[in-house]
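The values are calculated or read from the model by the stated rules, or taken from the named source; none is laboratory data. Quick caveat: nothing in here was measured; it's all calculated off a predicted structure. Neighbour counts are summed over all protein chains in view; Cβ atoms, including those assigned to glycine, are modelled from backbone coordinates with ideal geometry. Note: accessible area is taken over every heavy atom of the protein model, side chains too, but ligands, DNA and RNA are not part of it. Shrake-Rupley method; radii C 1.70, N 1.55, O 1.52, S 1.80 Å.
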Amino acid sequence: MKVNGIPTRTIWSVDHGQAIGIIDQTKLPFEFEKIILKDWRQVQEAIATMKVRGAPLIGIAGAWAMVLAVRDNPSDDFIHEVRSELISTRPTAVNLQWAVDHLVKRIISLPAKDRLPVAYREAEAMTQADVLANRAIGTHGAKIIAELYAKKREPVNILTHCNAGWLATVDYGTALSAVYIAFEQGIPLHVWVDETRPREQGLLTAWELAGFGVPHTVIADNAGGHLMQHREVDAVIVGADRITAIGDVANKVGTYLKALAAKDMEVPFYVAAPSSTIDWSIQDGKHRIKIENRSGDELRYIRGRDKKGHVCDVRVMSEQTNVENPAFDVTPARLITGIITERGVCKPEFLTRLFPEGARVAMKG
Ligand code: MRU
């Protein structure tokens with residue numbers, strides 16, 4: 001996507017894989033800053049602190065971290081050590097494990113001296129594949145928005161939670177890819193953007209939508225149910241961090257509550273995600289998906305610009321207050337109208353029809 005008219009991706013390789021460049025998302029929406037990461041530890045830190053974030057993007061960042069690790073030491077022991085450290089950095093989004101394992105599988109049977117060029121080529125290929133998958137998701141999702149418009153003949157109101165836009169992927173995004181493509185096609189629409197406490201990913205979404213000229217309004221996380229009751233939402237479209245073989249979906253905490261309200265008000269609830277987000281090895285999301293618990297400081301402090309224009313963190317509660325910060329929740333398949341993938345849209349229970357190769361893994365598990 002373009003930033004100030006310049007085509008920009010969220011991650012890129014520098015000097016043929018000697019380093020990687022990223023957008024530091026902890027600085028947005030206040031400052032737009034690109035940074036260079038020179039070794040796998042720096043990439044891991046960027047994933048842990050959410051300088052890069054969003055399931056598909058942390059997957060690709062993990063793949064590039066492996067390339068940098070192999071450059072420094074291509075031995076089996078080191079590769080396995082880095083693999084386990086990386087995949088435990090953010091445990092809920094399966095894309096991280098998927099991407100790191102995919103890369104390791106490609107190189108581990110090769111002699112150590114041949115591993116780096118193959119790892120580099122594979123990471124490049126995965127980076128490009130992410131862009132293509134997200135574009136395809138957008139095309140399928142845009143058809144849903146077009147159908148809503150055909151029925152309504154008034155701007156389509158879409159509610160989204162967190163940031164499933166181009167910042168969360170290499171490019172285009174997942175849920176927002178559908179919005180961008182529908183908007184490009186001239187379909188009148190408006191996006192309700194959940195603020196998404198505590199990390200305020202909704203403000204990233206608002207920044208992205210503003211850059212693309214898409215009409216949008218930020219709302220408090222608790223406002224969605226009220227808007228649905230008053231028929232102000234035509235569809236909910238969110239992203240995902242892990243989807244089980246039967247279509248249960250882990251996504252940013254708060255997604256489940258939106259799905260409950262949507263069910264009650266018969267508002268269609270869609271999840272947009274590439275197949276790299278599907279974990280075919282598990283079925284019951286509530287019991288089998290590990291939910292990342294993050295630091296309580298994410299709740300204790302809120303970032304903003306003060307009256308003098310300085311970006312700073314402000315504490316919003318006493319240091320002694322107990323806080324709990326589960327970063328994701330699981331929406332059961334029964335609350336989901338459809339899953340929008342790069343191969344098309346299906347009901348959650350029919351994922352295995354769309355991906356027969358995944359069905360084979362699911363059956364073994
Ligand atoms: O904690 P984050 O910001 O990495 O969480 C991101 C989300 O929950 C997104 O909705 C999800 O990763 C899908 S991004 C296309």
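Looking across the range 13-36, the residues that are under 25 Å from ALA119 (Cβ atoms) and either in the same structural domain as ILE181 (by TED's automatic domain parsing) or free of Cβ contacts under 8 Å to residues at least 24 places away in the same chain (or both) come down to VAL14, ASP15, GLY21, LYS34, ILE35, ILE36. Report whether or not LYS38 is modelled with pLDDT of 95 or more, on the phi < 0 side of the Ramachandran plot and over 17 Å from the mean Cα position of the chain (by Cα). So LYS38 fits the description; yes.
Of the residues making up the range 267-280, those that are over 21 Å from ILE60 (Cβ atoms) and more than 16 Å from the ligand (Cβ to nearest atom) are VAL267, PRO268. For beta carbons closer than 7 Å, sequence separation of 6+ or different chains, a first residue in the range 116-140 that is within 19 Å of PRO7 (Cβ to Cβ) and open to solvent by 30 Å² or more (accessible area, probe 1.4 Å) and a second that is not polar (S, T, N, Q) and not in a helix (DSSP H, G or I), the qualifying pairs are ARG135/TYR172. Only one entry of ARG343, ARG315, ARG288 meets the criterion of being surrounded by 13 or more Cβ atoms within 10 Å (Cβ to Cβ), away from the ligand (no atom under 16 Å from the Cβ) and either of a type in the set (Gly, Ala, Ser) or more than 22 Å from ALA164 (Cα to Cα) (or both), and that entry is ARG288.
Cβ separations smaller than 6 Å between residues 6+ apart or across chains give no pair from the range 252-276 residues that are without any contact (Cβ under 8 Å) to a residue 24 or more places away in the chain to residues that are more than 13 Å from the ligand (Cβ to nearest atom) and assigned to a loop (DSSP other than H, G, I, E, B). Evaluate the range 157-173: report whether one residue or more is assigned to a helix (DSSP H, G or I), in contact with a Cys (Cβ under 9 Å, 6 or more places away or on another chain), hydrophobic (A, V, I, L, M, F, W, C) and within 16 Å of the ligand (Cβ to nearest atom). Within the range 157-173, one or more residues are assigned to a helix (DSSP H, G or I), in contact with a Cys (Cβ under 9 Å, 6 or more places away or on another chain), hydrophobic (A, V, I, L, M, F, W, C) and within 16 Å of the ligand (Cβ to nearest atom).
Can you find even one residue in the range 174-181 that is in contact (Cβ under 8 Å) with a residue 60 or more places away in the chain and not in a helix (DSSP H, G or I)? Yes, there is a match, as at least one residue in the range 174-181 is in contact (Cβ under 8 Å) with a residue 60 or more places away in the chain and not in a helix (DSSP H, G or I). So for the range 320-335 (the condition being open to solvent by 20 Å² or more (accessible area, probe 1.4 Å), under 15 Å from VAL238 (Cβ atoms), in the same structural domain as HIS161 (by TED's automatic domain parsing) and part of a strand (DSSP E or B)), does at least one residue qualify? The answer is yes; a qualifying residue exists. Among the residues of the range 191-218, those that are of a type in the set (Val, Ile, Thr) and open to solvent by 20 Å² or more (accessible area, probe 1.4 Å) comprise THR217, VAL218. Out of curiosity, is VAL100 away from the ligand (no atom under 14 Å from the Cβ), within 23 Å of the chain's Cα centre (by Cα) and within 28 Å of GLY165 (Cα to Cα)? Taking the combined requirement at face value, the residue satisfies it.
Among the residues here, VAL131 does not qualify as hydrophobic (A, V, I, L, M, F, W, C) and part of a strand (DSSP E or B). Counting only strands (runs of 3 or more DSSP E) wholly contained in the range 1-112, the ones carrying 1 or more residues that are open to solvent by 60 Å² or more (accessible area, probe 1.4 Å) occupy 11-14, 34-37.
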